Amino acid sequence: YEIYLNGMNGTVPRLPTDLTRLEELAEHRLGPGPVGYVAGSAGNGSTERANRAALERRRIVPRMLRDVEERDLSVRVLGRTLPAPLALAPVGVLSIMHPDAECGAARAAAAQGVPFILSSASSTPMETVAEAMGDAERWFQLYWGSDREVTRSFLGRARAAGFSVLVVTLDTPLLSWRPRDLDRAYLPFLHGVGTANYFTDPAFRAGLDKPVEEDPNAAVLRFLGLFGDAAHTWPDLAFLREHWEGPIVLKGILHPDDARAAADAGMDGVVVSNHGGRQVAGSVAAADALPGVVGAVGDRLDVLFDSGIRTGDDIAKALALGARAVLLGRPYAYGLGLDGQAGVEHVVRSVLAELDLTLALSGHASPATLDPSVLTEGSD
Ligand code: FNR
């Protein structure tokens, strides 16, 4: 009702409540550089478009007279209760969008009780973000690189800083062919803002001939060399299982057999994701991959979902297809760019309010009653 009450006083929201409009607005206000990096995707963008199409093609069939007066969006995920089926996806180098950067986004998430997943490639060291969040729920995303000492050090630092879940991103051992970034020669990375966790890391620094401050170019080269490791195979997960006591979630799973391998390797969850269409051009749409993964491991693992979520009804559809919760990527980065921490709060509150209304108007008092029968594949 806050928006209605403000309207009585003649105050309208500072940002659009249709989150699909944020990209255009952000590009208009911030220019094509930073927004180009966030909006960019692999190849000619076909995967990103397919992500949207796969969600939009599925339609909710609303039900009536089902007493939705009392509603509860909370869900159980990875052994904890979340107030809503939402987390903020790991997004690197947020300082290119706004000086509030990761701390602003993390505080906005904390204010709504939504987990914040900090990227390995954040522009703020993990300890600083942790301090900004108090005891709010935070997860750490690992880019699982080729230097085991650095990985071990990251895991130790993340645990010490109160990150409770490890999210291991498997779809980025190499950066894909991203024309929008290539045409700009990856300026955000060359500015080095995604290297904060690395440059502050003792194991990373120990591998340098000269201190980072004396030879930053050599440090960037070391970062580029160990950021990913295309040689990893499934048995290597044992190393992570050994060095992380809490839940581990594998991000970037699209094939049911990979989901089964994750369960066999003792993982706790997977994120069905194609990195928002940023890695494999021509990839299966994430929402089209979700039912197969849920069918394969839904009773063994918590299946999360991202790639293409823009609205409350997108979340409802992902939950109906079997996801326990979803991650939101680009929209909150645009909110941050447009209005700092307050912009991220606007995005989170808007999408959750829309989810609440969508569920209620479709006859669901909680996510528990969502299943595939709620959806139809409409014809346009
Ligand atoms: C990402 N994503 C990402 N994922 C990850 O595991 N580590 C990272 O550092 C990043 N960095 C990153 C930067 C930017 C600018 C974007 C847009 C995305 C992927 C992210 O976590 C998530 O999978 C997608 O953003 C989800 O798709 P949508 O919501 O953007 O469509």
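Read-outs: derived from the displayed coordinates by stated rules, not from any lab. Predicted model only: the values in this text are computed from it and were never measured. Note that each Cβ is placed from the backbone with ideal geometry, even for glycine, and that neighbours are counted across all protein chains shown.
So the values come out like this:
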| item | result |
| --- | --- |
| Estimated D of the range 194-316 in µm² per second, where Rh is the Kirkwood radius over Cα pairs and Stokes-Einstein applies at 37 °C, 0.692 mPa s | 195 µm²/s |
| Fraction of antiparallel bridges per DSSP, the chain only, in percent to nearest 5 | 20 percent |
| Extension gain from Ala365 to Ala53, taking 0.36 nm per residue of separation minus the Cα-Cα distance | 109.6 nm |
| Least to most buried among Phe163, Phe199, Phe239, Phe140 (fewest other Cβ within 10 Å first) | Phe239, Phe199, Phe163, Phe140 |
| In nm, spacing of pseudo-spin labels at Glu149 and Asp209 (7 Å Cα→C-beta vector) | 1.7 nm |
| GNM top mover of Val249, Val61, Val168 - the chain, alpha-carbon springs below 10 Å | Val61 |
| Per-residue HN-Hα couplings for the range 52-62 [Karplus 6.51, -1.76, 1.60; θ = phi - 60°; Hz; x = Gly/Pro] | 5, 4, 5, 6, 5, 5, 7, 10, 7, 9, x |
| Cα principal axis extents for the range 138-226, largest first, Å | 39, 31, 20 |
| Centre separation in Å (Cα based) which lies between the range 347-380 and the range 188-251 | 39 Å |
| Interatomic Cα distance distribution for the chain, bins of 20 angstrom, percent | 29, 61, 10, 0 |
| Relative contact order, percent, the chain [alpha-carbon distance under 8 Å, six or more residues apart] | 27 percent |
| Leu86 long-range amide H proximity, modeled H, under 5 Å | Val326 |
| Alpha-carbon centroid distance for the pair the range 278-311 / the range 1-58, whole angstrom | 22 Å |
| Efficiency of FRET from Cβ geometry, Phe239 and Thr20, R₀ 30 Å, rounded to 0.05 | 0.15 |
| Spacing of the two label points (7 Å from each Cα toward its C-beta) at Asp299 and Leu174, in nm | 4.0 nm |
| For Val91, residues with placed amide H under 5 Å, excluding near neighbours | Ser119 |
| Simple label model, 7 Å out from Cα along Cβ direction - Ser46 to Asp72, nm | 4.6 nm |
| Amide proton proximity set for Thr169, modelled H, under 5 Å, gap of 5+ | Leu142, Trp144, Lys251 |
| D (Stokes-Einstein, µm²/s), Kirkwood Cα radius, the range 55-205, 0.890 mPa s at 25 °C | 141 µm²/s |
| The chain - mean residue ellipticity at 222 nm from DSSP helices (-39,500 (n - 2.57) per run, n ≥ 4, rounded to 500) | -12500 deg cm²/dmol |
| Residue among Gly312, Gly92, Gly134 with the largest mean-square fluctuation in a Gaussian network model of the chain, springs linking Cα atoms under 10 Å | Gly134 |
| Whole-Hz ³J(HN,Hα) from phi, Karplus 6.51 cos²θ - 1.76 cosθ + 1.60, for the range 195-212, glycine and proline x | 10, 4, 5, 6, 5, 8, 8, x, 5, 5, 5, 5, x, 9, 6, 10, x, 3 |
| Sites Ala185 and Ala218 - FRET efficiency at Förster radius 25 Å, r taken between beta-carbons, to 0.05 | 0.85 |
| Karplus-derived HN-Hα couplings along the range 121-135 (A = 6.51, B = -1.76, C = 1.60, θ = phi - 60°), whole Hz, x at Gly and Pro | 8, 6, 8, 10, x, 4, 5, 5, 5, 4, 5, 5, 9, x, 9 |
